[in-house]
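Working notes, beginning with the structure itself.
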Amino acid sequence: VSGIAGLRTLLTAKYFKATYDIATNLVGSTSAYSTLGQLNTLKSEGNDIVAYSTDGATVTTSTVDTVVPAAFEYMDENDFDSDVFVYPNGNSDTDVRDTVCETFKYAVNMSSAGLIDPDGLTAHAPSSLFGNLKVVVCDSTTTLEDLEEFVNDAIQYNEYLIMLIDTDSVNYDAALLSDILEYIFSKSGIMYPNSISDAMHEIHETIGNLLEELNGVYITTVNGEKYLNW
């Protein structure tokens, strides 16, 4: 079974919607990547489609002026209407961040370790307030116990949690993903945004309202990460 078809089967069985990244030059290039038809099916089922680079490589100063507009044009031409661009492997160049944020409403900049690079997260709010947004890599290098700890921390600290699953990776572990989804569904107190755009909007709206009314609002630091509390 191809990577994307297997993942869709698993998520459908669990009644779980997801976000799918598009590397435009890789759509349909191998069985692990979605075809345009599969992406349209995923969209029709309510899944969130977000943009990625045109070749899956790190967006750099030398490529940003071609990669980011090409990704936006691909999304626009195929009616995906994405507000989110994900650029992998970490990139803190100011011109890269500025170009991404000028083209897309929101941006998520991933480091190679699967953690959020706060400076690349968004141009619309102070990065120091986003310590409560995490990306967790889910593959065979991560144990179920590790993933359960991430989920428990997300609940305890009121975090937003994005799980990174690469269906083209030799480390892709469908059984592990199935187990962690079952664990997530067994927990209470979890909110499931309809899309990354919805989650980003809610974060921005919440922080904007809190900054207008500072009574009872304070910032704490946990393991070097800042959290906005209320």
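The values are calculated or read from the model by the stated rules, or taken from the named source; none is laboratory data. Remember, predicted model here, so these are calculated numbers, not experimental data. Counting neighbours? That spans all protein chains shown, and the Cβs are built from the backbone with ideal geometry, glycine included. To get the accessible areas, we keep the full protein, side chains included, count just its heavy atoms, and leave off ligands, DNA and RNA. Shrake-Rupley method; radii C 1.70, N 1.55, O 1.52, S 1.80 Å.
A few comments on the model shown:
- Looking at 148, 159, just one residue is open to solvent by less than 50 Å² (accessible area, probe 1.4 Å), among the acidic types (Asp, Glu) and modelled with pLDDT under 85, and that residue is 159.
- Checked against the criterion of being modelled with pLDDT under 85, open to solvent by less than 30 Å² (accessible area, probe 1.4 Å) and not aliphatic (A, V, I, L, M), the candidates 31, 82, 112, 92 yield just one match: 82.
- With respect to the conditions (1) open to solvent by 40 Å² or more (accessible area, probe 1.4 Å); (2) charged (D, E, K, R); (3) at pLDDT below 85, residue 14 falls short on a single one, namely (1).
- Beta carbons closer than 6 Å, at least 6 apart along the sequence or on distinct chains, pair a first residue in the stretch 49-72 that is within 9 Å of residue 87 (Cβ to Cβ) and of a type in the set (Ser, Thr, Tyr) with a second that is part of a loop (DSSP other than H, G, I, E, B) and open to solvent by 40 Å² or more (accessible area, probe 1.4 Å) for 58/89.
- Taken over the stretch 139-171, the criterion of being farther than 17 Å from residue 18 by Cα and in a helix (DSSP H, G or I) is satisfied by 144, 145, 146, 147, 148, 149, 150, 152, 153, 154, 155, 156.
- Within the stretch 166-200, tally of residues that are modelled with pLDDT of 80 or more and aliphatic (A, V, I, L, M): 8
- Boolean, residue 100 is surrounded by 13 or more Cβ atoms within 10 Å (Cβ to Cβ), touching a residue at least 40 places away in the same chain (Cβ under 8 Å) and under 16 Å from the mean Cα position of the chain (by Cα): yes
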